[in-house]
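This report refers to the structure that appears directly beneath it.
The values are calculated or read from the model by the stated rules, or taken from the named source; none is laboratory data. Quantities reported herein were computed from a predicted structural model and do not represent experimental measurements. For neighbour counting, all protein chains shown are included, and Cβ atoms are generated from backbone atoms with ideal geometry for every residue, glycine included. Keep in mind that these areas ignore ligands, DNA and RNA; they rest on the heavy atoms of the full protein, side chains included. Shrake-Rupley method; radii C 1.70, N 1.55, O 1.52, S 1.80 Å.
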Amino acid sequence: MTERWQQSKVPRGAEYDRRFEDLAATGMDMHGEAALVASYRPTTVLDAGCGTGRVAIELASRGHDVVGVDVDPAMLEAAQAKAPSITWVAADLTDPAFDLGRTFDVVVMAGNVLIFVPSGTEKKVIANTARHVSPGGRLVAGYSLRPGGLQPSDHDAYAAAAGLVLEDRWSSWDRDPYVPTDNYAVSVHRKPS
């Protein structure tokens, strides 16, 4: 587990789920990430940094073949308990040996995955996940923009080095237009066919 993740105040496991249940109880749509991914009509999806499986489970309920990967055992345990039929894999996205032996139509990193990986490993994580994108497929990542943190220009350079091309960028999972002063970005990079 990464030090940045361990030091974060993000709750783990069932406590993490309760936070989203509370938000859903207020009427907030908790499936914007899944809706965006589903709009690309993928057959297969890798939820990289899946946490407790909120996005993966919703995508599976919409008929997609989903695999979830996370480094945190408590998060994976919660995901497995909720959806034992989904394939859940314990793996570190920063590990150069990270290889599931297959590719996916969409690889999604929702939930700020890229701000919780160790500083300086973002390029490696993008390269490792890009290897899992099928030709013509997409890598979709959403994260908060913070001073000194990963910026869209860096993301684009890392994605280009991994053979991906920027297709779209929004300021939310609901496709709100992105402007450089936004504090959140959802980037979609495509692997040429």
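Values computed for the structure shown
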{"item": "Of residues in region 182-193 being modelled with pLDDT of 95 or more and open to solvent by 60 Å² or more (accessible area, probe 1.4 Å), the one farthest from ARG131 (Cα to Cα)", "result": "ASN183"}
{"item": "THR2 vs. criteria in contact with a helix residue (DSSP H, G or I) (Cβ under 9 Å, 6 or more places away or on another chain), β-branched (Val, Ile, Thr) and modelled with pLDDT under 95", "result": "yes"}
{"item": "Matching entry among PRO152, PRO118 (being at pLDDT below 95 and more than 23 Å from LEU59 (Cβ to Cβ))", "result": "PRO118"}
{"item": "Test: residue in region 142-149 that is touching a Phe, Trp or Tyr at 6+ places or on another chain (Cβ under 7 Å) and of a type in the set (S, T, N, Q)", "result": "yes"}
{"item": "Subset of region 126-143 (residues that are among the small types (Gly, Ala, Ser) and open to solvent by less than 30 Å² (accessible area, probe 1.4 Å))", "result": "ALA130, SER134, GLY136, GLY137, ALA141, GLY142"}
{"item": "Residue in region 45-65 that is over 26 Å from TRP170 (Cβ atoms) and either open to solvent by 40 Å² or more (accessible area, probe 1.4 Å) or at pLDDT 95 or above (or both) present", "result": "no"}
{"item": "Residue within region 100-107 that is over 18 Å from GLU33 (Cα atoms) and open to solvent by less than 60 Å² (accessible area, probe 1.4 Å) present", "result": "yes"}
{"item": "Number of positions in region 87-99 that are small (Gly, Ala, Ser) and either open to solvent by less than 70 Å² (accessible area, probe 1.4 Å) or part of a loop (DSSP other than H, G, I, E, B) (or both)", "result": "2"}
{"item": "Matching residues in region 108-121 - criterion: being more than 14 Å from ASP47 (Cβ to Cβ), open to solvent by less than 40 Å² (accessible area, probe 1.4 Å) and polar (S, T, N, Q)", "result": "THR121"}
{"item": "Residues that are open to solvent by less than 40 Å² (accessible area, probe 1.4 Å), touching a Gly at 6+ places or on another chain (Cβ under 7 Å) and either outside any loop (DSSP other than H, G, I, E, B) or not small (Gly, Ala, Ser) (or both), drawn from region 70-86", "result": "ASP70, MET75, ALA78, ALA79, ILE86"}
